[in-house]
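The structure under discussion appears below in the form of structure tokens.
The values are calculated or read from the model by the stated rules, or taken from the named source; none is laboratory data. Here the structure is a predicted model, which means the values were calculated and not measured. Backbone-built Cβ (ideal geometry, glycine too); neighbour counts: all protein chains shown.
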Amino acid sequence: MMSKFYNNMKTAVLMGTLTALILWIGSFWGQAGLMIALVFAAVTNFVSYFFSDKIALMAMGGQEVGPDHELYQIVAPLAQRAGLPMPRVYVSAQPAPNAFATGRNPQHAAVCATEGLLQLLNRREIAGVMAHELAHVQHRDILITTVAATLAGAISSLGWMFMWGGLGGLGSGGRDREGGGHPLAGLLVIILGPIAAGLIQAAISRSREFNADTEGAAIAGDPRDLASALQKIHAYSQRIPMDVSPAFNSLFIAEPLNFNGRDLANLFSTHPPLEARLENLLSQPVDVSVRRAA
């Protein structure tokens, strides 16, 4: 109950923070820009709360699969072991190996794996990955992560909208006319808006990945399976690009964009370093009884 309350509070704070960022972007174009940003923020918050899971699945081209699919058959016993309702199961045609969970609560959860992941990993490794995603569902991380991804994408879109439409229209009746703004503000918004949203995403994502790794390993029974899967996913993701907006990076089990350890770029990384995740996983015990039953 406390976990649910805590995560709901984090979601409210996140939505409030990113709403303030949207209003700040709109303020560059005076009162008209601020009013448009206010309407944009209200619609975006509503859509991100109730429809962010559908947006994420559409962005990945996810197709729902049923009990006759291997992925569904892997997820079903894991959900039962975790004490969760059976989530909807999706497969994306993306060749890059990856997976994510989405939905506003466990009753409306969905998990998705790419074709690349299903082809790359063996059954135990796939189970380790899906157990990690179910741990996110169990901890109610999926709402705040999906909302952050949706709002970050919306902020980027708003910046472009004001840049190409606002400077010629709103800009002429906003701060430029009043002498308080400058056309370069549009470029500043486009650069700083997504960066700020990305920093917020990064701040809420890294610790949850460690927790999901630990709990996912407990659900699957053997942390070595997830560790092996992460190594393979990271190795292949550096060779196979994923066709997805960077705003959705925090959703995935492994970040689609690789920053190769560069200090400045790591500010925007939504996941801990692979080495730290492997160290955490390999320090966890193996549950022999669960592994035998898997």
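For region 74-118: of the residues being charged (D, E, K, R) and free of Cβ contacts under 8 Å to residues at least 40 places away in the same chain, which is farthest from Met130 (Cα to Cα)?
The residue in question is Glu115.
Search region 37-60 for residues that are farther than 26 Å from Asp243 by Cβ and pair each with any residue that is surrounded by fewer than 18 Cβ atoms within 10 Å (Cβ to Cβ) when their beta-carbon atoms are under 7 Å apart and the residues are at least 6 apart or on different chains.
Ala37/Leu23; Leu38/Leu23; Ala41/Leu23
In region 52-74, what residues are assigned to a helix (DSSP H, G or I), crowded, with 18+ Cβ neighbours inside 10 Å and modelled with pLDDT of 90 or more?
Scanning region 52-74 gives Leu57, Leu71, Tyr72, Ile74.
Residue by residue through region 92-111, note down the ones that are over 21 Å from Ser228 (Cα atoms) and not polar (S, T, N, Q).
Answer for region 92-111, where residues must be over 21 Å from Ser228 (Cα atoms) and not polar (S, T, N, Q): Ala93, Gly103, Arg104, Pro106, His108, Ala109, Ala110.
Mind listing whichever residues of region 237-294 are at pLDDT 80 or above, aliphatic (A, V, I, L, M) and part of a helix (DSSP H, G or I)?
Leu251, Leu274, Ala276, Leu278, Leu281, Leu282
Take the residues in region 107-148 that are more than 15 Å from the chain's Cα centre (by Cα) and within 15 Å of Phe51 (Cα to Cα); name whichever of them is surrounded by the most Cβ atoms within 10 Å (Cβ to Cβ).
Residue satisfying both the conditions and the ranking: His108.
Condition (residue is in contact with a helix residue (DSSP H, G or I) (Cβ under 9 Å, 6 or more places away or on another chain), modelled with pLDDT of 95 or more and among the β-branched types (Val, Ile, Thr)) applied to region 102-111: is it met by at least one residue?
Within region 102-111, one or more residues are in contact with a helix residue (DSSP H, G or I) (Cβ under 9 Å, 6 or more places away or on another chain), modelled with pLDDT of 95 or more and among the β-branched types (Val, Ile, Thr).
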